[in-house]
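A.B. asks: Here it is: the structure, laid out below.
The values are calculated or read from the model by the stated rules, or taken from the named source; none is laboratory data. All of these numbers come straight from a predicted model, not from anything done at the bench. Please note: Cβ atoms are built from the backbone with ideal geometry, for glycine as well, and neighbour counts cover all protein chains shown. Surface areas here come from the heavy atoms of the whole protein model, side chains and all, with no ligands, DNA or RNA. Shrake-Rupley method; radii C 1.70, N 1.55, O 1.52, S 1.80 Å.
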Amino acid sequence: ELITAQKEVMITPNLPRFFRQGDITGISGKVDNLSAGKLTMNVILEFFDPSTEIVLAPLTQQKQITIDGGKSQSVAFQTTLPDSLEIVGVRMKALSNTYSDGEQVVIPVLSNRQMVTESMPMSVRGNKAYTFDMKSGKKSKTQIPYRMVFEFSTNPVWYAIQALPSIGNPRNENDALSWFSAYYASIFADAVLQTVPQTKQIFEQWRSEGKNKESLLSNLEKNQDLKTILLEESPWLLDGKKESEQKERIGLLFDLNNQKQQRELAIRKLIELQTASGGWSWYPGMPESRYITQFIIGYMSKIQSLGTYTFDNKELSMIMNGLKYLDDMIAEDYIDLKKSMIGTALGEVRPNIYQLYYLFARSNFIKLMPLKDDQTKEAADYYLAQVEKFGNEGPLFNRALSAITLSRNGKTTKAKSIVRSLREQAVQTEELGMYWKKNVNGYFWNENAIAVHVVLMQALSEVDPNETEQEELKIWLLKQKQTENWGSSTATSDAISALVMKGSSWANEKGKTEIHWGGREVQPEQQESGTGYFRQVLDAKEITPEHQKVTVRKEGKGIAWGALYYQYSEVMESIKGNTNALQVSKKLLRVATTPTGNELQEIGAQHPLEKGEKVTVRLVVKTDRDMEFVHLKDARPSCLEATDVLSKCIWKERICYYQSNKDASMNFYFNFLPKGTYVFEYSSVVTRSGTFSEGPATIQCMYAPEFTSHTSGNKIFVK
């Protein structure tokens, strides 16, 4: 049995998700006449104040249409949204002598002004003077200054030291790597304390300051007023809380009794988890893992290199059992190789990473446990000869390990040849120091950019030391901490060790940093312990042209950094683009049909859009360094509706990111954005005619908000 329910007259308005002040926007609707006869109707578009229900008469419009029975007809209006509205009710009605229908909704009216944050990152070296000029250019008549913020850290190496507590706690009761990380952290904390005696005192000051200040806050939680999005609105709220909690455990890190108990417990667990063969498995019951065993033995050799800790009998026994397992593995490798290489020259075989890392880790323990077994010695000698032959091939990590291993085994000529080649491939800049462009994060344990850089530093230092070169290498390492959260990993301890325990200790620097801003010397009332961080704010009435310039001179070694921020309100189409180490550009492209197929053509003012057209928004992002917690936001005009409405994770451009569609913007969240150039696109459809303000695309590193950039604003014209 068929049941039909209908109204004789129905009106269906096509309304936007939002209006923007000053937009000339088209509003359309469809009227259906489901009655039997022809109807003449008045279609009325009303705007009203939702709080009082008072109709805004100047905006009310009316049209008369005639529709045959069983037909429908569209109707369109065009209106200009005044700047005085923040929210408006919209009512569309269709009235005839016999029937009527209507629909109303409340729609937000967004401001056509946007708060803009211009930033000028500042990085200075020791014993040099610098002048920085923001050069914000000629201000438009519509620009309204809000404030300027100046922040500076005179000794940022302490930000790296703040990462120490993150490496000190085992994550799993039965995970050998977790227990070894806890063991290594306790020994490493003692080594840092011996190298930088004031560490414990400064950490205690942070704890007392942290009750009222930002000393122990995560960088994600700091400076919320300078960021494009609140931490609570981002996917990184838990990351920020976790880092803050780790920093608050600083007291436990330097509690000697606690560290001794932690170390003894970790050793006991590692001995329990070590199998009869001497190797370690990932979890009990699993077969021995060569990777995990080599990792533990390799870092045991690093502990020996620190020179601040002496192994007891239990630890020595554990190390020797591990070495026995690895000796058996290298001998087995060689036996298998000879069986599989019958009729082929053994001299052309290149050692793999396991064999190379074995030789590196074993080189520090030759005196403790010499190679006595003939098969093991033959295998080790063979692979060492192959390293000498092919040591200058392969990834940076392998080449650095090869140089160290050869040097420790008396092959100094070849070791220096590898180091010379590594030096030739390095680059050096004023801001980033010395580094290797090819050193980028990969997927494997030996492709962590921080760990690779530290091994390269070690190779250059051991084989052919150069103090000036080591200082340049430390600059790049510390600059990575500026834009990245060093989490719980042994790479973190390696990086801290390189910064505070190798060469001159930047943490012990006492040199003065002299800063002039706005024509006078900056005299901060209070500075954070260790880092020397301070922040000063100027209200709009205090800002002068001289405040765009900053001069800095730092005494002593190391580096310092800071930033100057200028915040102002500006009409969207008058916003001018800016760039720094992090850049974004934006294009709107129409999908055009040509004889050769569909093409993307850039939209210009001379070729306005039409309703129903498909538009591709292309965002090009460039960064000259690795960054974590990056937010990209594209402010859409109200005439464009994104076709991809679902928020989701996307794998593209070799990275994974989260894309979230909001009513007035498209947002992209990057946990990690490696240095490089990336292209991101999303599709939209033109839904209404008129003239619309298009906001800029803005990108910012939430961990280091001084790295921010935005495109220019624009006007969009739709026929």
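A.B. asks: Within segment 204-228, work out how many residues are at pLDDT 75 or above and basic (Lys, Arg).
C.D. replies: So the count comes out to 2.
A.B. asks: If Asn580 passes every condition in (1) part of a loop (DSSP other than H, G, I, E, B); (2) in contact with a strand residue (DSSP E or B) (Cβ under 8 Å, 6 or more places away or on another chain); (3) open to solvent by less than 20 Å² (accessible area, probe 1.4 Å) but one, which one does it miss?
C.D. replies: Result: Asn580 passes all but (3).
A.B. asks: Ok, one more. Any chance segment 674-687 includes a residue that's crowded, with 19+ Cβ neighbours inside 10 Å, assigned to a loop (DSSP other than H, G, I, E, B) and not polar (S, T, N, Q)?
C.D. replies: Checked segment 674-687: no residue is crowded, with 19+ Cβ neighbours inside 10 Å, assigned to a loop (DSSP other than H, G, I, E, B) and not polar (S, T, N, Q).
A.B. asks: State whether one or more residues within segment 515-532 are open to solvent by less than 30 Å² (accessible area, probe 1.4 Å), assigned to a helix (DSSP H, G or I) and polar (S, T, N, Q). I'd like the intermediate steps shown before the answer.
C.D. replies: As a first pass, look at segment 515-532 and keep what is open to solvent by less than 30 Å² (accessible area, probe 1.4 Å): 515, 517-518, 522, 528-532.
Cutting the leftovers down to assigned to a helix (DSSP H, G or I) gives us none.
No.
A.B. asks: Right, here's the next one. I need a count of the residues in segment 418-431 that are part of a strand (DSSP E or B) and either acidic (Asp, Glu) or surrounded by 15 or more Cβ atoms within 10 Å (Cβ to Cβ) (or both). Steps first, answer last, please.
C.D. replies: Step one: filter segment 418-431 for residues part of a strand (DSSP E or B), giving 427-429.
After this cut, where a residue has to be either acidic (Asp, Glu) or surrounded by 15 or more Cβ atoms within 10 Å (Cβ to Cβ) (or both) as well, the list is none.
Selection size over segment 418-431: 0.
A.B. asks: Residues that are modelled with pLDDT of 90 or more and crowded, with 19+ Cβ neighbours inside 10 Å: find the strands (runs of 3 or more DSSP E) completely inside segment 588-645 holding 3 or more of those. It would help to see each step written out before you state the result.
C.D. replies: Values: elements: 597-602, 614-623, 627-635, 640-642.
Qualifying strands (runs of 3 or more DSSP E): 614-623, 627-635.
A.B. asks: Here's another thing I want to ask about it. From Trp486, Trp445, Trp476, which residue is touching a residue at least 60 places away in the same chain (Cβ under 8 Å) and either buried (at least 17 other Cβ atoms within 10 Å of the Cβ) or under 16 Å from Ala704 (Cβ atoms) (or both)?
C.D. replies: Details: Trp445 fails: either buried (at least 17 other Cβ atoms within 10 Å of the Cβ) or under 16 Å from Ala704 (Cβ atoms) (or both); Trp476 fails: touching a residue at least 60 places away in the same chain (Cβ under 8 Å).
None of the others qualify; the one that does is Trp486.
A.B. asks: For segment 432-465, which positions are assigned to a helix (DSSP H, G or I) and among the acidic types (Asp, Glu)? Spell out the reasoning first.
C.D. replies: Filtering segment 432-465 down to residues assigned to a helix (DSSP H, G or I) leaves 445-447, 449-463.
Glu447, Glu462, listed by residue number.
A.B. asks: Go through (1) β-branched (Val, Ile, Thr); (2) closer than 30 Å to Thr698 by Cα; (3) open to solvent by 30 Å² or more (accessible area, probe 1.4 Å) for Thr25 and report which single condition fails.
C.D. replies: With respect to (1) β-branched (Val, Ile, Thr); (2) closer than 30 Å to Thr698 by Cα; (3) open to solvent by 30 Å² or more (accessible area, probe 1.4 Å), Thr25 is out only on (3).
A.B. asks: Output yes when any residue across segment 564-573 is open to solvent by 10 Å² or more (accessible area, probe 1.4 Å), in a helix (DSSP H, G or I) and farther than 24 Å from Phe668 by Cα, and no when none is.
C.D. replies: no
A.B. asks: For segment 71-80, which positions are closer than 17 Å to Pro13 by Cα and either open to solvent by 80 Å² or more (accessible area, probe 1.4 Å) or of a type outside the set (A, V, I, L, M, F, W, C) (or both)?
C.D. replies: As a first pass, look at segment 71-80 and keep what is closer than 17 Å to Pro13 by Cα: 71-79.
If the condition is that a residue be closer than 17 Å to Pro13 by Cα and either open to solvent by 80 Å² or more (accessible area, probe 1.4 Å) or of a type outside the set (A, V, I, L, M, F, W, C) (or both), then Lys71, Ser72, Gln73, Ser74, Gln78, Thr79 are the ones that fit.
A.B. asks: Of all residues in segment 29-70, how many are closer than 30 Å to Glu573 by Cβ, in contact (Cβ under 8 Å) with a residue 24 or more places away in the chain and open to solvent by 20 Å² or more (accessible area, probe 1.4 Å)?
C.D. replies: Of the residues in that region, 4 qualify.
A.B. asks: Do we find a residue being touching a His at 6+ places or on another chain (Cβ under 9 Å) and farther than 21 Å from Val617 by Cβ anywhere in segment 554-569? Give the derivation first.
C.D. replies: To start, the set of residues in segment 554-569 that are touching a His at 6+ places or on another chain (Cβ under 9 Å) comprises 564, 566.
With the extra rule that they be farther than 21 Å from Val617 by Cβ, the set shrinks to 564, 566.
So far as segment 554-569 goes, yes, one or more of its residues are touching a His at 6+ places or on another chain (Cβ under 9 Å) and farther than 21 Å from Val617 by Cβ.
A.B. asks: From the list Ile11, Ile54, Ile3, Ile65, pick out the single residue that is under 20 Å from Arg688 (Cβ atoms), aliphatic (A, V, I, L, M) and out of contact with any Ser or Thr (no Cβ under 8 Å at 6 or more places or on another chain).
C.D. replies: Numbers: Ile54 fails: under 20 Å from Arg688 (Cβ atoms); Ile3 fails: under 20 Å from Arg688 (Cβ atoms); Ile65 fails: out of contact with any Ser or Thr (no Cβ under 8 Å at 6 or more places or on another chain).
It is Ile11.
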